[in-house]
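Q: The following block contains the structure, expressed as structure tokens.
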């Protein structure tokens with residue numbers, strides 16, 4: 001008589017008899033005897049995972065299709081973007097101009113905009129422009145400090161998104177916004193992760209040297225500044241942490257979401273979609289880390305010479321970060337994963 005396995009049916013299967021004693025039901029025999037039950041549980045788990053994936057995948061696919069439609073719509077409605085990038089001379093001139101003017105913080109933040117337009121990635125280009133707009137208050141503060149104190153250094157202040165900017169008067173009138181910024185508008189220096197980095201590099205503050213940096217403009221307040229003790233490396237790490245705003249990182253991450261969604265639109269199996277998503281996740285994470293880290297590091301290295309050299313250092317960091325990010329992207333695209 002031919003027996004059929006209900007889980008993995010094939011001719012010739014003969015079910016094992018149940019164990020007659022505890023000793024018989026242990027070790028390899030137990031695994032063999034219980035294999036049909038284990039297989040049923042595994043099959044149920046696989047089915048549940050598949051159902052969950054389908055429930056998640058369909059909305060993501062619809063969202064990805066909407067992102068693609070938006071890019072196509074922008075390309076059709078505003079052909080000036082396509083003509084700009086199609087003309088190599090104009091395109092190179094724009095990139096060169098942005099590179100030359102990158103010491104101006106707001107223009108530095110849109111350095112990658114020509115590349116996004118060239119790739120017709122308009123959703124990400126919109127994110128780059130939005131991120132530059134969000135940072136205008138803080139960038140304006142840094143620019144005015146450089147004009148007012150070009151070669152003066154008293155200490156490193158927190159490069160927050162809104163605190164100490166021309167938005168101060170507006171923030172004071174809005175309790176919800178004031179409470180929100182008090183809790184979240186801080187730098188990496190003031191986080192648990194920053195504390196771990198400070199402990200690792202032995203970053204310590206010279207409490208006797210702390211003072212206030214005079215505000216710039218009638219709507220800004222004085223800024224607390226930090227001076228660090230120890231070796232040059234620990235001082236550099238401390239200044240760098242104070243130059244990485246948490247809200248800026250959050251916004252950068254948020255604007256990478258369209259690219260992550262689009263990465264799931266590749267043809268193929270679930271494994272192909274997973275590989276594509278993982279590749280894009282690595283590219284997005286490296287872009288955020290390298291660009292923000294290089295900008296902060298460049299500014300922290302030169303700020304002891306004054307606020308103007310700090311802007312030049314941030315501009316150089318931006319170029320290096322974007323170039324490094326591009327190299328990492330190419331390596332990820334060549335990877336086997």
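The values are calculated or read from the model by the stated rules, or taken from the named source; none is laboratory data. Since the model is a prediction, treat every value here as computed from it, not as a measurement. Cβ sites come from the backbone with ideal geometry, for glycine too, and all protein chains shown count toward neighbours.
Q: Since residue 63 meets every condition but one in (1) modelled with pLDDT of 60 or more; (2) surrounded by 15 or more Cβ atoms within 10 Å (Cβ to Cβ); (3) part of a helix (DSSP H, G or I), which condition does it not meet?
A: Looking at each condition in turn, residue 63 falls short on (1).
Q: Considering only residues that are touching a residue at least 40 places away in the same chain (Cβ under 8 Å) and under 19 Å from the mean Cα position of the chain (by Cα), which ones fall in region 292-314?
A: Once the filter is applied, which keeps residues that are touching a residue at least 40 places away in the same chain (Cβ under 8 Å) and under 19 Å from the mean Cα position of the chain (by Cα), region 292-314 yields 292, 293, 295, 296, 297, 314.
Condition check ((1) over 17 Å from residue 293 (Cβ atoms); (2) touching a strand residue (DSSP E or B) at 6+ places or on another chain (Cβ under 9 Å); (3) buried (at least 17 other Cβ atoms within 10 Å of the Cβ); (4) modelled with pLDDT under 90) across all residues:
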site: 204; (1), (2), (3), (4): yes, yes, no, no
site: 207; (1), (2), (3), (4): yes, no, no, yes
site: 213; (1), (2), (3), (4): yes, yes, yes, yes
site: 219; (1), (2), (3), (4): yes, no, no, yes
site: 224; (1), (2), (3), (4): yes, yes, no, yes
site: 242; (1), (2), (3), (4): no, yes, yes, no
site: 245; (1), (2), (3), (4): no, yes, yes, no
site: 254; (1), (2), (3), (4): yes, no, no, yes
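Q: Suppose the filter is buried (at least 16 other Cβ atoms within 10 Å of the Cβ), part of a helix (DSSP H, G or I) and modelled with pLDDT under 85; does residue 138 pass it? It would help to see each step written out before you state the result.
A: On the way: buried (at least 16 other Cβ atoms within 10 Å of the Cβ): yes; part of a helix (DSSP H, G or I): yes; modelled with pLDDT under 85: yes.
Criteria met by residue 138.
Q: Considering every residue within region 162-172, establish whether at least one is closer than 26 Å to residue 230 by Cα, at pLDDT below 85 and in the same structural domain as residue 302 (by TED's automatic domain parsing).
A: Step one: list which residues in region 162-172 are closer than 26 Å to residue 230 by Cα, which gives none.
No, region 162-172 contains no residue that is closer than 26 Å to residue 230 by Cα, at pLDDT below 85 and in the same structural domain as residue 302 (by TED's automatic domain parsing).
Q: Considering region 152-190 alone, what residues qualify as being under 19 Å from residue 109 (Cβ atoms) and outside any loop (DSSP other than H, G, I, E, B)?
A: Answer for region 152-190, where residues must be under 19 Å from residue 109 (Cβ atoms) and outside any loop (DSSP other than H, G, I, E, B): 187, 188.
Q: Still on this model: Given the criterion in contact (Cβ under 8 Å) with a residue 24 or more places away in the chain and farther than 22 Å from residue 165 by Cβ, identify the matching residue among 263, 286.
A: On the way: 263 fails: in contact (Cβ under 8 Å) with a residue 24 or more places away in the chain.
After ruling out the rest, the residue left standing is 286.
Q: Regarding residue 297, is this residue surrounded by 15 or more Cβ atoms within 10 Å (Cβ to Cβ) and assigned by TED's automatic domain parsing to the domain that holds residue 194?
A: yes
Q: Right, next: Quick one: would you say residue 178 is touching a helix residue (DSSP H, G or I) at 6+ places or on another chain (Cβ under 8 Å), assigned by TED's automatic domain parsing to the domain that holds residue 325 and free of Cβ contacts under 8 Å to residues at least 40 places away in the same chain? Working first, answer last.
A: Values: touching a helix residue (DSSP H, G or I) at 6+ places or on another chain (Cβ under 8 Å): yes; assigned by TED's automatic domain parsing to the domain that holds residue 325: yes; free of Cβ contacts under 8 Å to residues at least 40 places away in the same chain: yes.
Yes: the conditions hold for residue 178.
Q: Within region 86-121, count every residue that is under 20 Å from the mean Cα position of the chain (by Cα) and either outside any helix (DSSP H, G or I) or modelled with pLDDT under 75 (or both).
A: 6
Q: Quick one: which residue in 161, 131, 145 is farther than 30 Å from residue 204 by Cβ and touching a helix residue (DSSP H, G or I) at 6+ places or on another chain (Cβ under 6 Å)? Write out each step before concluding.
A: Working: 161 fails: farther than 30 Å from residue 204 by Cβ; 145 fails: farther than 30 Å from residue 204 by Cβ.
After ruling out the rest, the residue left standing is 131.
Q: Would you point out which residue out of 288, 332, 327 is surrounded by fewer than 16 Cβ atoms within 10 Å (Cβ to Cβ) and within 20 Å of the chain's Cα centre (by Cα)? It would help to see each step written out before you state the result.
A: On the way: 288 fails: surrounded by fewer than 16 Cβ atoms within 10 Å (Cβ to Cβ); 332 fails: surrounded by fewer than 16 Cβ atoms within 10 Å (Cβ to Cβ).
None of the others qualify; the one that does is 327.
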